[in-house]
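S.K.: Mind having a look at this structure? Questions to follow.
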Amino acid sequence: MDNRTLYDKFAELELHAQKSVTELNEIQKSLMEVIERNAELEIENQHLRDHLQELEQHKENENGGLSKSRKNLEKLYEQGFHVCNVDNMYGTRRLNDEPCVFCQNIIYGERK
């Protein structure tokens with residue numbers, strides 16, 4: 001192989017290496033953008049989870065944070081039954097689904 005051919009091959013190899021370096025730099029830049037976007041999305045996702053948890057807690061507090069037994073009594077009351085024991089009314093149908101202060105007090109009254 002003469003010097004000219006050797007030089008041409010070397011120049012061609014150098015050009016190819018420069019193209020490869022340029023492509024690697026572009027891939028690295030794209031990869032960094034993807035990593036940054038992923039980090040942003042993870043942070044946003046965590047903020048949304050926290051916000052959802054706050055909303056659920058707020059909703060629970062609006063519902064009085066009823067215990068399981070009080071929720072069961074509330075369900076019975078909403079189905080039209082007394083849950084109070086005034087005059088042995090527990091379990092009897094409320095006439096025309098009229099509200100009962102005693103039942104509501106048992107369900108939603110102050111807890112000690």
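Any read-out appearing in this document is the output of simple, stated calculations on the displayed coordinates, not a laboratory observation. Bear in mind the structure is a predicted one, so any value in this text is a computation, not a measurement. A quick note on method: Cβ atoms are made from the backbone with ideal geometry, for glycine too, and the neighbour counts reach across all protein chains shown.
S.K.: What are the residues whose amide H is under 5 Å from the amide H of F81, where those residues sit 5 or more places off or on another chain and H is modelled from the backbone?
M.R.: The list, which skips near neighbours in sequence, is R94.
S.K.: I would also like to ask the following. Please report the projected area of the range 1-62's Cα convex hull averaged over all directions, in nm².
M.R.: Result: a mean projected hull area of 4.6 nm².
S.K.: Taking θ as phi - 60°, what are the ³J(HN,Hα) couplings along the range 75-89 by the Karplus curve (6.51, -1.76, 1.60), each to the nearest whole Hz, with x for Gly and Pro?
M.R.: Residue by residue, the range 75-89 yields 5, 4, 4, 5, 7, x, 10, 6, 10, 8, 10, 6, 6, 6, 8 Hz.
S.K.: Residue separation times 0.36 nm, minus the C-alpha to C-alpha distance between E54 and L95: what's the value?
M.R.: Additional length available on full extension: 10.9 nm.
S.K.: For the chain, compute the number of Lys pairs whose alpha carbons are separated by less than 26 Å, excluding pairs fewer than 8 positions apart on the same chain.
M.R.: Total qualifying Lys-Lys pairs in the chain comes to 9.
S.K.: State to the nearest 20 debye the size of the charge dipole of the range 1-62 about its Cα centre, where the only charges are +1 on K and R beta carbons and -1 on D and E beta carbons.
M.R.: Values: 7 positive and 16 negative charges, 101 e Å.
Magnitude of the dipole: close to 480 debye.
S.K.: Return the sequence-ordered ³J(HN,Hα) values of the range 14-22 in whole Hz as given by the Karplus equation 6.51 cos²θ - 1.76 cosθ + 1.60 applied to θ = phi - 60°, using x for Gly and Pro.
M.R.: Values, residue by residue: 5, 4, 4, 5, 5, 5, 5, 5, 4 Hz.
S.K.: Work out the length of the dipole vector of the chain about its Cα centre, built from +1 on the beta-carbon of each Lys and Arg and -1 on the beta-carbon of each Asp and Glu, and round it to the nearest 20 debye.
M.R.: 860
S.K.: Taking the Cα centre of the chain as the origin and placing charges on Cβ (Lys, Arg +1; Asp, Glu -1), which of H16, N85, M32 is farthest toward the positive end of the dipole?
M.R.: Value computed over the given set: N85.
S.K.: Bin width 5 Å, origin at 0, all Cα-Cα pairs of the chain: what percent of pairs per bin?
M.R.: Answer for the chain: a P(r) of 2, 9, 10, 9, 7, 6, 6, 5, 5, 4, 4, 4, 4, 4, 3, 3, 3, 3, 3, 2, 2, 1, 0, 0 percent.
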